[in-house]
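What follows is a short report on a single structure.
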Amino acid sequence: MARTIIELKNADLTLGEAAAAVHVLKGVSLTVDAGESVGIVGPSGSGKSTLLMVLAGLERLDSGEIVIDGTPLHGLSEDRLADFRGRNVGIVFQSFHLIPNMTALENVAVPLELANVRNAFDVARQELVAVGLGDRLTHYPGQLSGGEQQRVAIARALAPSPKLLIADEPTGNLDAETGRQIADLLFAEQRERGMTLVLVTHDAALAGRCARQVQVRSGEIVSGGHPESRAASVHQEAASA
């Protein structure tokens, strides 16, 4: 029986205040099994990136529950939440978020050092080699192409050996061919490490590579919220073929 790694129940979140308040998530529930790959898709402003940030522990819910690998995030203090996130959740952003005055090696190693990981630079070097950047260790972000910068960001996200990898538009700032290479890398690492991958994308081809797609519209999940929905969809497609 599959093990659940993400359990989101009746999640409600409003961002902004007074006249500027926006009800971003409206009673959202989502279940993801360990080892699954899930693509979150929907129109701009639908709440999909905010949903991803909730799953990453970067946004607090107004109400509802979020449990990651058996740990209720909604009950943690900020310090304990940051510690949990650092050990269990890897995050890849569209805009890389690298520190410009640090080398590729330092960008991956320093977060490990801050988390008291032994041999942080050795681990960082191994991860950069794994993503094809063994010859770019001492290069600064400004000396790297967009694809190389995203590989550094992926190495940084993978370095703590997270159970859950979160990616927000990971190919959004890249040309088509570089984006395909980054997607290949993400899915290869996910399979090899047995991680759970949840990503947000506007790219239908990238979303289609995930085992399941979750459709978000106007702050609500309209399809794909549970693992069984994929099985039901496959069964329905087979029956109509």
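The values are calculated or read from the model by the stated rules, or taken from the named source; none is laboratory data. Note that the structure is a prediction, hence the values are computed from the model and not measured. Quick reminder, even Gly has a Cβ in these numbers, built from the backbone with ideal geometry, and neighbours come from all protein chains shown. Surface areas here come from the heavy atoms of the whole protein model, side chains and all, with no ligands, DNA or RNA. Shrake-Rupley method; radii C 1.70, N 1.55, O 1.52, S 1.80 Å.
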Counting only protein heavy atoms and a 1.4 Å probe, tell me what percentage of the range 106-241's accessible area is made up of carbon and sulfur. 48
Over the range 57-137, average the accessible area per residue using a 1.4 Å probe and give it in Å², no decimals. 54
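Can you give the local net charge around N119? Use residues other than it whose beta-carbon is closer than 13 angstrom to its beta-carbon, Lys and Arg +1, Asp and Glu -1. Working shown, then result.
On the way: positive: R118, R125; negative: E113, D122, E127.
My count for the surroundings of N119 gives -1.
Rounded to the nearest 500 deg cm²/dmol, what is the calculated helix-only ellipticity per residue at 222 nm for the chain, with -39500 (n - 2.57) per DSSP H run of length n ≥ 4? Present the calculation step by step, with values, prior to reporting the outcome.
Details: 8 runs with 91 residues, N = 241.
Helix contribution divided over all residues of the chain: -11500 deg cm²/dmol.
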Quick one: the Cα spread of the range 16-102 along its three principal axes, in angstroms, biggest first? 40, 35, 28
Added length on full extension, which subtracts the Cα-Cα distance from 0.36 nm per residue, A115 to H23: 29.7 nm
Check which residues have an amide H placed less than 5 Å from V24's amide H, if you skip close sequence neighbours. L13, T14, L15
Each residue of the range 190-205 in order: what ³J(HN,Hα) in whole Hz does its phi give by Karplus 6.51 cos²θ - 1.76 cosθ + 1.60, θ = phi - 60°, with x for Gly and Pro? 4, 5, 5, 9, x, 7, 8, 10, 10, 10, 9, 7, 8, 7, 4, 5
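Convex hull over the Cα atoms of the chain, averaged projected area in nm²?
With the hull built on Cα positions only, its mean projection is 14.6 nm².
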Ordered by residue, what ³J(HN,Hα) values in Hz, to whole numbers, does the range 18-23 give under the Karplus form 6.51 cos²θ - 1.76 cosθ + 1.60, where θ = phi - 60° and Gly and Pro are x? 6, 5, 8, 5, 10, 7
If amide H atoms are built 1.01 Å from N in the plane of the peptide, which residues on other chains or at least 5 residues away come under 5 Å of the amide H of V92? I166, A167, D168
Give the long-range amide H neighbours of T4: residues separated by 5 or more places, or on another chain, with amide H under 5 Å away, using H modelled in the peptide plane at 1.01 Å from N. A34
Residue-wise, which Karplus ³J(HN,Hα) couplings in Hz belong to the range 157-167, taking 6.51 cos²θ - 1.76 cosθ + 1.60, θ = phi - 60°, and x for glycine or proline? 5, 7, 4, x, 6, x, 7, 10, 10, 10, 9
Got a sec? Charge dipole of the range 1-129, +1 on Cβ for Lys and Arg, -1 for Asp and Glu; which of A109, A82, A34 is way out at the positive end? A34
